[in-house]
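Here is the structure we will look at, set down as structure tokens.
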Amino acid sequence: MRTWAMAVMAVLAAGAIGVVVAAEQARNPLVGKASPEIEAQYWINSDALTLKGLQGKVVVVEFWATWCPPCRASIPHLIGLSKKYADKGVVFIGLTNEPKDKVEPFAKEMKMTYAIGGGSPTGKAYGVTGVPTAFIVDTGGTIAWAGHPLASAFEKALDEQTQKVKPEPKK
């Protein structure tokens, strides 16, 4: 009986999380609007990046923190997705407002391979009130999706955006 009750509670909790994620996505006021530019005091795994410089590519901008357990849980998923979508021209950028002396060893420990911008004030421009929060920016610089990076809708939205990308001409 206990196992059955626990299973029912787990299903209800998962459903509630799905409803919260869907509601978060639906009410994010930036979806459909031009994405604010990103900035960082330092970069790891990349030279300095800007969304203007990445126009024409699909970009994932994810806000996170070293102290955040859900962020720690989502990082392996983001690493996997960054590898999966690399040949489709998707650029993954993780932004944190934390100092380099905290972020650099954390990024190494977590084996983060995508671009990381640190000391970033950009979360404020995106209205981020909790981490992790991810945004998908389409090839024209418009925010196409916003929500939790572990939401099933995240990968679905990535697939939708990459379907719209025209292949680069072969050289």
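Below, the figures for the structure above:
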item: Test: residue in the stretch 126-143 that is of a type outside the set (D, E) and free of Cβ contacts under 8 Å to residues at least 12 places away in the same chain; result: yes
item: Hits in the stretch 126-147 - residues which are farther than 11 Å from F63 by Cβ and not charged (D, E, K, R); result: I136, V137, T139, G140, G141, T142, I143, A144, W145, G147
item: Residues satisfying the stated conditions in the stretch 135-159, i.e. in a helix (DSSP H, G or I) and farther than 24 Å from T50 by Cβ; result: S152, A153, E155, K156, D159
item: Criterion violated by K83 - all others in (1) touching a Leu at 6+ places or on another chain (Cβ under 8 Å); (2) under 23 Å from G53 (Cα atoms) satisfied; result: (1)
item: Residues satisfying the stated conditions in the stretch 136-152, i.e. among the acidic types (D, E) and under 20 Å from C71 (Cα atoms); result: none
item: Unmet requirement for A134, which otherwise passes all of (1) farther than 20 Å from A73 by Cα; (2) touching a His at 6+ places or on another chain (Cβ under 8 Å); result: (1)
item: Filter result for L158 (crowded, with 18+ Cβ neighbours inside 10 Å, at pLDDT 95 or above and of a type in the set (A, V, I, L, M, F, W, C)); result: yes
item: Helices (runs of 4 or more DSSP H) enclosed by the stretch 17-134 - at least 2 residues per element that are acidic (D, E) and surrounded by fewer than 20 Cβ atoms within 10 Å (Cβ to Cβ); result: 100-109
item: Residue satisfying all of: in the stretch 129-163; within 11 Å of P36 (Cβ to Cβ) and not small (G, A, S); nearest to the chain's Cα centre (by Cα) among these; result: F135
item: Single condition I143 does not satisfy, out of (1) aliphatic (A, V, I, L, M); (2) at pLDDT below 95; (3) within 20 Å of L30 (Cα to Cα); result: (2)
item: Close pairs (7 angstrom Cβ cut-off, 6 or more residues apart or separate chains): over 16 Å from K111 (Cα atoms) and of a type in the set (D, E) in the stretch 76-96, buried (at least 24 other Cβ atoms within 10 Å of the Cβ) and at pLDDT 95 or above anywhere; result: none
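The values are calculated or read from the model by the stated rules, or taken from the named source; none is laboratory data. Treat the numbers as computed from the prediction; the structure is a model and nothing was measured. All Cβ positions, glycine included, derive from the backbone under ideal geometry; neighbour counts span all protein chains shown.
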